[in-house]
């Protein structure tokens, strides 16, 4: 028993985020993806900017505090410190002696309690780095950056600068980025929406052009944008495809029309002969009628076989039904033996060595039969079938001593349902599919075929690539 899929599977898939995302338009998805990436990039940039700005300002404050501390230490070592230290740049200074007593300080600075305790002072001196300190216990609003340097006679110089202004500057920059980044994302998303829309406009034109192409307007082509971009290449490729499809459709319609025309004549002949025989049975030679009907039936049979062969070639798209070693000299011997009782002499000239190609023996046998039949139909007395090797190719030639074909018509006769006037005037003439089958089959085998003057007569030359011994497995 085969389990049936749950009824909610399709709806659950459609309700999933990925299903919703795939149902959106390409314009929306591109804009949303670009905006999301931009938002992440801007958020990361803002975070890095605020961090770098904060570190830069802290480094500036620390450098200023250390410079002021080193100047005071130099004065302390030279015993040039005044009772009251000046505070021109807002730096708070405390000079502490070896006993931990504050000996000198700037105006407004606590003279009783050091900003850093003994252990904190020694730690700051060893680390040679400033540190944060809450200034509120010392009557100073906001945080401080405090640095300490050692002086002679066990003295320590402590320099502190307020971090309040720096914190406000960093917070202001953060607020600007917090408010400006979404606005920038919205503006860039709108610009992306417009740019993507303009980029996809040629594709929309292609879609409208494709919708207007119907069975009655097959010759129309899709609009090609002026920009030499990927959409231009796509439109050109699609137009080339439409041209190929139109050509294939034209060939198919011509084939159907020509096949209907060729079928109409023998069917009309059969119908006429049978109607006459039935209307006048007393004076009818039934044997003659049967022979005439049989002859027309044979014409229909040959036409049906030729149409079937062409349909198979078209269906395979130029590929071979089988790829096997084919002994051409044996194929020629077998093919010419069928004409032993023919009034036209069919001679063969094949080498003693074996000539092998890769392909389908049945298809190549049809090629040989079609060429010999065509030569016998037009020959005056003899047909010569020759096989030889020329370089890396096997050359199969079928020569007759008939009237030949004018040079201007030698390529045209390979078209389907093409018969020259001389062929149409003969009752045993074919439907004009023999040489078309020959060319399609030879091309599928990687070879070529052409007609040449035999003086007198006509020579059909088929060139097939030889089978390499290294390729035999």
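Brief remarks follow.
- When both the range 336-406 and the range 85-139 are represented by their alpha-carbon centers, they are found 115 Å apart.
- Taking the longest Cα principal axis of the chain as reference, the axis of helix 164-212 is set at about 10 degrees.
- Mean separation of Cα contacts under 8 Å (6+ apart) over length of the chain, as relative contact order %: 9
- The length gained by stretching the chain between residue 138 and residue 323 to full extension, at 0.36 nm per residue less their Cα-Cα distance, is 56.7 nm.
- Axis angle, to the nearest 10 degrees, between helix 118-127 and the longest C-alpha principal axis of the chain: 40 degrees.
- Extended-chain gain in nm, criterion 0.36 nm per residue less alpha-carbon gap, residue 238 and residue 175: 17.4 nm
- Gyration tensor (Cα) of the range 269-348, equivalent ellipsoid semi-axes in angstrom: 39, 22, 7
- Simple label model, 7 Å out from Cα along Cβ direction - residue 213 to residue 338, nm: 4.3
- Which of 163, 28 has the fewest Cβ neighbours within 10 Å, and the rest in rising order: 28, 163
- Length released on extending from residue 23 to residue 316, taking residue separation times 0.36 nm less the Cα-Cα span: 101.7 nm
- Debye-sum result for the chain in log10 I(q)/I(0), which assumes one identical scatterer on each alpha carbon, at q = 0.07, 0.08, 0.12 Å⁻¹: -0.69, -0.78, -1.08
- With Cα atoms, 0 to 90° folded angle of helix 434-444 axis to the chain main axis: 30
No value in this document is a laboratory result; all are computed from the given coordinates. All values derive from a computational prediction rather than experimental measurement. As a convention, Cβ positions derive from the backbone with ideal geometry for all residues, glycine included, and neighbour counts pool all protein chains shown.
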